[in-house]
Structure formats: structure tokens, C-alpha cells
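For reference, the structure is listed below as C-alpha cells.
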Amino acid sequence: MANPFPAAETWLPGFATSSPMYEPLANIGWSLEALEHWPDLDAYNALLDPSIRTASGQCLRFVSQLGKPLRMEEKYEARIYLSGEVQTRIENWHDFFNALVWLVFPRAKAVLNACHFEAIARTASGGNRDKSRDALTLFDESGVVILYSDESLADLIRDFRWKELFWARRLEVSSNMRFMVFGHSLYEKALKPYIGLTGKALLIKVGADYFNQPSATQVSKADEMIARAFDKNGPYACLRPLPLLGVPGWWAGNESPDFYENTGYFRPAPVFKSKYF
């Protein structure tokens, strides 16, 4: 598929409708379509609802980056937790999507930030980076949440049976699963998708009626469920690799069963499984 986008860092007001991967961000994306240039920090902050707060109760706001932090309180995640200040570069897709994910998944982002802060505090007096932070960062950057009502479909993901899932049971996937990108790095990469684009998925079971609700309601409930999952010490050992371009409707090439024969992308189950995915 030809890439319709110029180089990254060029403002693209129609990004939200360029791919189904952006569906969770659609409402905010539409509100930005009238902008001819990159939004500045004032524009980011104007989108914030006053109810969006950190787990410590601080109102969120997007601010310019400081220099290299000298104290624990100035580190990126600690500063968010303690003051609500999210250091954000303008004219930068990575930070732009991070801001949008805060707007769309505020409860989940607040819980992830709180987990980061707790880990930072544990090692504040010295020592190596807490290993839990690696898993938190993995989901924050590359996370996908899969809402499903049919356990047999979820088992196909757990067993790396991609062709059976995405091709043989394609219609069932469309009616019994929803895939939501969470990680802001994945949103950035989706501007120029490529074979190999993979997320780290958190599977959450829902009732069949979940899929009959409006899209915005589904996203809001997903936010709550992700927050609850990580608030219980984190589902770090349960993150699963998900080849994103295999999701029906997310890539034109997956309209053929041959697409799923690429075992370099749709890899079989590993012999030794990682602790985190």
C-alpha cells in the first residue's frame, strides 16, 4: 500500500480518518481538522477536561520540556504525578499522540503514571531501574487492548494461531472482538505503517452487549478496565504480541489469505516465552 503521508513532523490535519487504527482518537482528531498548522501547548491545554487528574489529584496540563532533570521530582513521570505537568514537545508526533492518549484514556494513563512513580520512589536512594517500569513503558508506548466476548478467539491469540483467527474466523472476530490502540508510539508509527508493526496486547473479556454500545462509550469503558487491570499490580506477564496489520480492515493486504502465510510477521508461538510478552 502506498504511503499517503509526507515525512513525519509535517502537520496532517486528516490523520484521524486516515486509518481505522485511529478510531479511539477520532472525536478529538475531528476537532483538529480545521487547524492548518501544528497545535501549540495552549491548544493542547484547551482540549483538557478539568476532571482529568493524576492519581495524586493534580490537574493535568501540558508544558514545555525542562533541561536534564537533576532531582527525582523533576523526572518525567515524577513531575506528572507530583504536579500534573506533562512535558510536551510541539511539532512532534510522538508527544502529540501521548497528549491525545491522555485525553482519551485519562484513567489508564493516570494509573500507569502512578505505577511509574511508585517504582521511581522505590529506587530514589540509588539502585537500578525497577524492572516493572520496563513493562509499564512497553504498554504505554506500544499497548493495544483487545476486548473480546468469545474465549475461543482469545485463545487463538494466546496460541499465536493468526491465520485461523484473522482469516478462518474473520467474521466472528468482527462481531466478537474490538482492537484499540493505546500506545502513543504505535499511533506515531501508524502514520507510515509497515510489515512488522506489532503491538503488545492486553486481553480483556467483556459481555456481548459491549459491542452494541456507541464507540465513545466502548472507549470510555475500556479506559476504566485498563486502569483496573494495572491498578492490581499490573498484568505484566499477560501482554501478548499482536501483528497489527493482520486485524481485519486495518491493512488492505490482509484481504487475501496468503497475507497470513508470512511467518516472519505472523510468528508461531515461541518455545520460551518472555516474562512480559
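Throughout, read-outs are computed from the coordinates displayed, never taken from laboratory work. Because the structure is a prediction, the values reported are computed rather than measured. Using ideal geometry, Cβ is built from the backbone for each residue, glycine included, and neighbour counts are taken over all protein chains shown.
Observations
- Counting neighbouring beta carbons within 10 Å and listing from fewest to most, the residues 132, 142 come out as 132, 142.
- Footprinting exposure proxy ranking of 188, 9, fewest other C-beta atoms within 10 angstrom first, gives 9, 188.
- Exceeding the 22 Å Cα-Cα cut-off - candidates 163/232; 200/232; 75/189; 131/221; 109/232: 163/232; 75/189; 131/221
- For segment 44-102 versus segment 196-210, the gap between their alpha-carbon centres in whole angstrom: 27
- The alpha carbon centroids of segment 212-246 and segment 176-195 are separated by 13 Å.
- Taking the fewest neighbouring Cβ atoms within 10 Å as the starting point, the ordered list for 178, 71, 133 is 71, 133, 178.
- Per-residue [θ]222 nm for the chain (sum of -39500 (n - 2.57) over DSSP H runs n ≥ 4, rounded to 500): -10500 deg cm²/dmol
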